[in-house]
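Take a look at the structure below.
The values are calculated or read from the model by the stated rules, or taken from the named source; none is laboratory data. As the structure is a computational prediction, the values presented were derived from the model and not from experiment. When we count neighbours, we look across all protein chains shown, and the Cβ atoms used for this are built from the backbone with ideal geometry, even at glycine. In case anyone asks, the SASA skips ligands and DNA or RNA and just uses the protein heavy atoms, side chains included. Shrake-Rupley method; radii C 1.70, N 1.55, O 1.52, S 1.80 Å.
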Amino acid sequence: MHRALSDLTARIERTVSQRLVPAVYRDVEPVHVEAAHLPGEPVPAREAMAMPYAPFAVGQPWGPAWSTTWFRFTGQIPERMRGGRVELLVDLGFDNAGPGFRSEGLAYAADGTPVKGVEPRTAYVPVTGRARGGERVAFYVEAAANPRFDGALTLLGDPETLPDVPLYRLDRAELAVLDEEVHALVLDVRVLHQLALTLTETDPRHHEIRRALELMLDRLDVADVAGGAAAARARLAGALASPAVPSAHRITAVGHAHIDSAWLWPVRETIRKCARTFANVVALADEYPELVFACSSAQQYAWTREHHPEVYRGIAAKVASGQFVPVGGMWVECDTNMPGGEALARQFTFGKRFFAEEFGVESREVWLPDSFGYSAALPQLARL
């Protein structure tokens, strides 16, 4: 019994990683890559896009610690991709550490408009809804070479001790057609598989899900995933739709991205991190009208308004539509142990005023999911 269960787990994970995920994109076409390197502080996009660019190759290293490399990707959609949803795939040298801690980028259209963030788990830039074939493609990516700290002593924390050694390597730059049915199948399988792993083996729902996944895999032709994706999804639809028990709760979730305003990077990197994250949210909100995203810290909105007004206009539009929700009413997600009552009162006063003046929203809650302890005076201050 235990061996059969573990074998099925391995089979599901192996099929996802080796068969389904590689089939999400098809019919790739390389693009031409050029780069311009900034050893010091970032510059505005218009200035960076006007810099001289030199040819750059996939596989070539880039990015000493805290530097910025601007990549320019140009190409043409082949006629054979006509009718497909084409995306630009960019791998800046990502690893499996997850988003937020190493190399990241913000993609811009050729006219300087921010498009979306390029990060380990969202390493694509949308190019067309449905390609006609023959369209010219041009995008810029502002790539940040952020080092990762693991608690050990390092030379990477001070500009005076930084080694002039690239941290990353451009691993991918190509156009590809997204197979939307295969992509949806990957999501369906991952949701069900992760749910089954969360449930105990004594829960009948656990075994119902595992059985549904096993039967789907038995009938899936792994040599033609694209051809069988729709049928595979249909076989899983019942397991996805079925509640755990008749009295099961219905849970509503909202998106959130916790961004420390001061962390293991310079404040200027927090500003860029906000732009990448919020650009992603606006792009996702366009694609998924049901998405609701909660975001705190008026300071981060203010930074975006100052440094990335196009992204900020997108935020304002999504606030108006109810998809981007300012929460918390504080200027930042502040410490509540060391500041006095006056400082905490000002957090609420300034934060609530910003949200009211900018968006006509009055926050009525405290949002501190990452606090290291709470002042006993906080409930009184929040109520007042």
- Message: Which numbered condition in (1) open to solvent by 20 Å² or more (accessible area, probe 1.4 Å); (2) farther than 27 Å from Phe56 by Cβ; (3) in contact (Cβ under 8 Å) with a residue 12 or more places away in the chain is the only one that Asp164 fails?
- Response: (2)
- Looking at Leu264, is it modelled with pLDDT of 95 or more and surrounded by fewer than 18 Cβ atoms within 10 Å (Cβ to Cβ)? no
- Filter result (open to solvent by 70 Å² or more (accessible area, probe 1.4 Å), out of contact with any Phe, Trp or Tyr (no Cβ under 7 Å at 6 or more places or on another chain) and in contact (Cβ under 8 Å) with a residue 40 or more places away in the chain) within the stretch 109-158: Arg130, Arg132, Arg136
- Query: Pairs under 8 Å by beta carbon, first residue without any contact (Cβ under 8 Å) to a residue 12 or more places away in the chain and among the aliphatic types (A, V, I, L, M) in the stretch 218-234, partner open to solvent by 80 Å² or more (accessible area, probe 1.4 Å) and not in a helix (DSSP H, G or I), six or more apart or different chains?
  - Reply: none
- Note on the structure: Val225 fails exactly one of (1) in contact with a Lys or Arg (Cβ under 8 Å, 6 or more places away or on another chain); (2) open to solvent by less than 40 Å² (accessible area, probe 1.4 Å); (3) farther than 29 Å from Gly84 by Cα, namely (3)
- Query: Given the residues Leu284, Leu384, which is the only one that is within 24 Å of the chain's Cα centre (by Cα) and open to solvent by 50 Å² or more (accessible area, probe 1.4 Å)?
  - Reply: Leu284
- Residue by residue through the stretch 316-353, note down the ones that are farther than 15 Å from Glu365 by Cα and in contact with a strand residue (DSSP E or B) (Cβ under 9 Å, 6 or more places away or on another chain). Ala316, Ala317, Lys318, Val319, Gln323, Phe324
- Task: Scan the stretch 68-110 for residues that are modelled with pLDDT of 95 or more, of a type outside the set (A, V, I, L, M, F, W, C) and under 22 Å from Ile271 (Cβ atoms) and jot them down.
- Result: Thr68, Thr69, Gly105, Tyr108
- Note on the structure: Of the residues in the stretch 61-85, those that are surrounded by fewer than 14 Cβ atoms within 10 Å (Cβ to Cβ) and within 28 Å of Asp158 (Cα to Cα) come to Pro61
- Item | Subset tally (residues that are within 24 Å of Pro44 (Cα to Cα) and among the polar types (S, T, N, Q)) for the stretch 135-165 | 1
- Message: It is to be established whether one or more residues within the stretch 310-317 are more than 28 Å from Asp158 (Cα to Cα), open to solvent by 20 Å² or more (accessible area, probe 1.4 Å) and small (Gly, Ala, Ser).
- Response: yes
- Message: As an exercise: evaluate Ala230 against (1) under 26 Å from Pro22 (Cα atoms); (2) open to solvent by 70 Å² or more (accessible area, probe 1.4 Å); (3) touching a helix residue (DSSP H, G or I) at 6+ places or on another chain (Cβ under 7 Å) and give the number of the one condition it does not meet.
- Response: (2)
- Among residues of the stretch 320-331, those that are surrounded by fewer than 18 Cβ atoms within 10 Å (Cβ to Cβ) and in contact with a Gly (Cβ under 8 Å, 6 or more places away or on another chain), counted: 0
- Task: Just name the residue that is surrounded by the most Cβ atoms within 10 Å (Cβ to Cβ) out of those in the stretch 334-371 that are under 24 Å from Ala285 (Cα atoms) and in contact (Cβ under 8 Å) with a residue 60 or more places away in the chain.
- Result: Trp367
